[in-house]
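One structure is given here, and the rest of the page talks about it.
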Amino acid sequence: MASSLRDRAVDLVGLLTTPILPADYVDLFDPLRAGAELRGRIVEVRPETRDAVTLVIRPGRGWAGHTPGQYVRIGLDVDGVRQWRAYSLTGPADRADGCITITVKAIPDGRVSTHVVRRARAGMLVHLDQACGDFTLPDPRPAKVLFVTAGSGITPVMGMLRGALDDLEDVVLVHSAPGPADVIFAGELRQLAARGRIRLVERHTDTDGMLDADALAALVPDLAERETWACGPAGMLDALEARWAGLGIDARLHTERFRPALLAVGDGGTITFTTTEQEVDADGATSLLDAGEAAGVLMPSGCRMGICFGCVAPLRDGAVRDLRTGELTTASPGDGVLVQTCVSAAAGPCQIDL
Amino acid sequence: MTAMQKKTDDPTAHLSAEDIACLGRELDAIREQVIASRGERDAEYIRAVIDNQRKLELASRAVLLFSLFPPAWIAGTAGLSVSKVLENMEIGHNVMHGQWDWMRDPKIHSTTWEWDNATPSDQWKHSHNDLHHTYTNVLGHDNDLGYGIMRVDEDQRWHPFYLGQPLWNAINALLFEYGIAAYDLEIGKALKGRKDKDDFKAQAKGVLRKIRKQVTRDYVVHPILSGPSALTTLGANITANVVRNVWTHSVIMCGHFPEGVETFEKTSIEGETRGEWYLRQMLGSANITGSPFMHLMTGNLSFQIEHHLFPDLPSNRYSEIAPKVKELFERYELTYTEGPLPKQVASAWRKVIRLSLPNDALQDAAAVLPFTPRTAAPEREAVAA
Ligand SMILES: Cc1cc2nc3c(=O)[nH]c(=O)nc-3n(C[C@H](O)[C@H](O)[C@H](O)COP(=O)(O)OP(=O)(O)OC[C@H]3O[C@@H](n4cnc5c(N)ncnc54)[C@H](O)[C@@H]3O)c2cc1C
Ligand code: FES
């Protein structure tokens, strides 16, 4: 009843503002209000290492909260172009000021990450989605925990340490980074270790070499007893998954990947986007998502790595190839086979209903 | 004006096929430069225009709540008129051209934009982007040429109906948004039974729904909200809509009607190369000279030539590339038609009045001599002859 009254009121105000919505005017003055499209305002930019910064963001009133370990999608305008990327939430769920934090490491030539590290300033508005992801601690908490992270892979784990360490008894963190100065959150982690709250094993790959599964087993003899969360480069995660599977304990390993493992490359083709009637020639390594975005098509997207299905669109005709497996999906005119545009590329001419 | 292919002094006669191809490549290069440098500055520009237009509209409508007081009426009506012009011209028209699609902002995108105009955006996009921009000034293809109710070229056969066209044109100016809606609907075609009935019904429904909403807003809800100022607010809103209609009609007339602008034979565009397409856009459009504010208020359609060459480049860039385009016209010895607004409006009106009469009534017969073909395409000769 209350909501239908509210809808009626909005309809009435809509008579005043047609063809645009009342919200479009209110957004001019109060972008973070309840009910607005979700945005956040950067309130602080804190340097972490020479190539990583933490953004403290005050989310709009519509923010529904998060569970440590989850990530949030952020939309930023880079050179005037809206770009969406996923970043793990590095803060606890219940910060007193209601803010959330993400920590971004600049990747050489990375469009969004270098922009954030160089250009983000307090006061800027960013677009947000609600938090998501299942790289989280279960309830009840496991007795013994192992975290294995590398580089910026520390971020979701930092969220868990900050948000849930009080509930955890026995925590081992094995973290690898090129050198001591590259360790994100180094001060805080070393302090936790000094206070005996966690056992921290820092590996510096410049001097110690890459962390492999054997080395890990030597560092953490009881790893088979530990519920394990790992986040880092694909090579490391693949090795861990193989080892855990070999031990028959793969159910105890939880991994978070920042980018999809892509293998398959075919011939590419011409993609036709039906709503804008755009035709784009794309090679076999370019995802439909990237190709469409480059052509100015409004492409829905999510994780951009094949897990969230936020990017699916109907394939009306032609063939696309799954970039992870090489599998072909085909459609005949009239079909509407849903494909994940972020991990599919054209395999000959194809028509996407966007 | 006579279709270019029939003129004695074809303005492109001196250009070889190779010249035209070269011209095409130079224009492509200008386009590439703009695309490569599109960025934050452009995004800030369009956001600022939208932001300011909305604030101006809000403020004007707020002031009009007290429109019983003459100063409030004047300020509110002026503000609302400017805001409506900006909304249609610099914002709506250009967003719907896809000029800002590259920003990937779903709020400023050709596929999502709806404008303050009687014609729904999807219908306008079809008749404007697909037909007018593709068939610019091609007789019989480009409805913008005379909107199907006027004779705008010597080559159109005269009919007594056209005697009234100065009046039709004046009425069209006052009611321009409805005129556009009517010809986007292709009512003429529908009456002759050359349009799918169901399509027409669905589209007509869309237009009527849009008009109902627009009218309710400007002529019912806002006046009622003004209480004792209801009638004066109604008057203000009518005035603002008429001002916007007359202004946009004038600007658009200046784009393709003034003397010096060429029209083209239907057959001249068959097998047209990219260079030839560019050439048609160059000769089929005219610019308006004036201040930066005037350019803004025309939605940068004062750079009609640049807009027709590159319909999807951000409007704020047209003034920047205009000197390069003009230099190109000079080098290729083509006429860059431009003039101040009053002169161009007068020129367009003169033509409307002159062509309301049969050709020989006013015109020196010497103007229509045997044609000189632009290129020696045989089918073209056949048609022109
Ligand atoms: C669930 C999830 C959580 C994430 N959390 C974080 C986080 O907390 N902190 C963080 O910094 N990043 C995180 N990422 C990665 C982030 O979303 C972006 O992919 C990253 O910032 C690169 O974006 P970019 O625009 O700078 O690079 P792009 O311009 O997209 O890519 C530039 C080049 O870098 C390569 N590249 C892309 N991603 C990586 C990568 N991760 N490592 C190495 N090379 C890469 C690309 O293949 C390309 O060649 C997360 C990703 C996911 C899916
Ligand atoms: S964007 Fe998440 S699956 Fe494609």
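Tabulated data
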{"quantity": "Criterion: at pLDDT 90 or above and within 14 Å of chain B (Cβ to nearest Cβ) - qualifying residue of A:ASP281, A:ASP322, A:ASP290", "calculated": "A:ASP290"}
{"quantity": "Failed item in (1) open to solvent by 50 Å² or more (accessible area, probe 1.4 Å); (2) under 27 Å from A:PHE309 (Cα atoms); (3) away from chain B (no Cβ under 14 Å), with A:ARG162 passing the rest", "calculated": "(2)"}
{"quantity": "Scan of region A:296-317 for residues that are more than 23 Å from A:PHE258 (Cβ to Cβ) and modelled with pLDDT under 90, ordered by number", "calculated": "A:GLY296"}
{"quantity": "Residues of region A:60-75 satisfying the condition of being farther than 22 Å from A:THR149 by Cβ and open to solvent by 20 Å² or more (accessible area, probe 1.4 Å)", "calculated": "A:ARG61, A:GLY62, A:TRP63, A:ALA64, A:GLY65"}
{"quantity": "Residue list for region A:292-331, filter: touching a strand residue (DSSP E or B) at 6+ places or on another chain (Cβ under 9 Å), within 14 Å of ligand 2 (Cβ to nearest atom) and among the basic types (Lys, Arg)", "calculated": "A:ARG304"}
{"quantity": "Residue satisfying all of: in region A:65-83; more than 14 Å from chain B (Cβ to nearest Cβ) and at positive phi; nearest to the chain's Cα centre (by Cα) among these", "calculated": "A:GLY69"}
{"quantity": "Of all residues in region B:319-361 being in a helix (DSSP H, G or I) and among the acidic types (Asp, Glu), the one that is surrounded by the most Cβ atoms within 10 Å (Cβ to Cβ)", "calculated": "B:GLU320"}
{"quantity": "Strands (runs of 3 or more DSSP E) fully within region A:53-145 counting 3 or more residues that are in contact with a Lys or Arg (Cβ under 7 Å, 6 or more places away or on another chain)", "calculated": "A:71-78, A:81-88, A:125-128"}
{"quantity": "Tabulated pairs, region B:51-80, first within 14 Å of B:ALA240 (Cα to Cα) and modelled with pLDDT under 95, second open to solvent by 20 Å² or more (accessible area, probe 1.4 Å) and of a type in the set (Ser, Thr, Tyr), C-beta under 9 angstrom, 6+ apart or interchain", "calculated": "none"}
{"quantity": "Tally, over region A:84-130, of residues that are within 14 Å of chain B (Cβ to nearest Cβ), within 16 Å of ligand 2 (Cβ to nearest atom) and either open to solvent by 70 Å² or more (accessible area, probe 1.4 Å) or hydrophobic (A, V, I, L, M, F, W, C) (or both)", "calculated": "2"}
{"quantity": "Near pairs, Cβ below 9 angstrom, 6+ apart or cross-chain, from region A:302-327 (closer than 13 Å to A:GLY292 by Cβ) to any residue that is small (Gly, Ala, Ser) and within 16 Å of ligand 1 (Cβ to nearest atom)", "calculated": "A:ARG304/A:ALA86; A:ARG304/A:SER287; A:ARG304/A:GLY310; A:CYS311/A:SER287; A:CYS311/A:SER301; A:CYS311/A:GLY302; A:ALA313/A:GLY292; A:VAL320/A:ALA345"}
{"quantity": "The lone exception for B:LYS192 - which of (1) surrounded by fewer than 20 Cβ atoms within 10 Å (Cβ to Cβ); (2) at pLDDT 90 or above it fails", "calculated": "(2)"}
{"quantity": "Meets criteria (away from ligand 1 (no atom under 16 Å from the Cβ), within 14 Å of chain B (Cβ to nearest Cβ) and among the hydroxyl-bearing types (Ser, Thr, Tyr)) for A:THR330", "calculated": "no"}
{"quantity": "Residue in region B:108-127 that is touching a strand residue (DSSP E or B) at 6+ places or on another chain (Cβ under 9 Å), assigned to a loop (DSSP other than H, G, I, E, B) and surrounded by 21 or more Cβ atoms within 10 Å (Cβ to Cβ) present", "calculated": "no"}
{"quantity": "Selection count where residues are closer than 12 Å to A:PRO314 by Cα and either within 16 Å of ligand 2 (Cβ to nearest atom) or among the aliphatic types (A, V, I, L, M) (or both), scope region A:332-343", "calculated": "5"}
{"quantity": "Candidate set from region A:1-49 (those that are touching a Leu at 6+ places or on another chain (Cβ under 7 Å) and away from chain B (no Cβ under 14 Å)); member that is nearest to A:THR114 (Cα to Cα)", "calculated": "A:VAL45"}
{"quantity": "Helices (runs of 4 or more DSSP H) contained in region B:201-318 and holding at least 3 residues of a type in the set (A, V, I, L, M, F, W, C)", "calculated": "B:230-256, B:274-283, B:292-297"}
{"quantity": "Residue pairs meeting the criteria (Cβ under 9 Å; at least 6 apart or on separate chains; first open to solvent by 30 Å² or more (accessible area, probe 1.4 Å), in region A:331-350; second within 16 Å of ligand 1 (Cβ to nearest atom) and in a loop (DSSP other than H, G, I, E, B))", "calculated": "A:LEU338/A:PHE309"}
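The values are calculated or read from the model by the stated rules, or taken from the named source; none is laboratory data. Here the structure is a predicted model, which means the values were calculated and not measured. Glycine also receives a Cβ, built like all others from the backbone with ideal geometry; neighbour counts cover every protein chain displayed. Quick note on the areas: whole protein, heavy atoms, side chains included, nothing else; ligands and nucleic acids left out. Shrake-Rupley method; radii C 1.70, N 1.55, O 1.52, S 1.80 Å.
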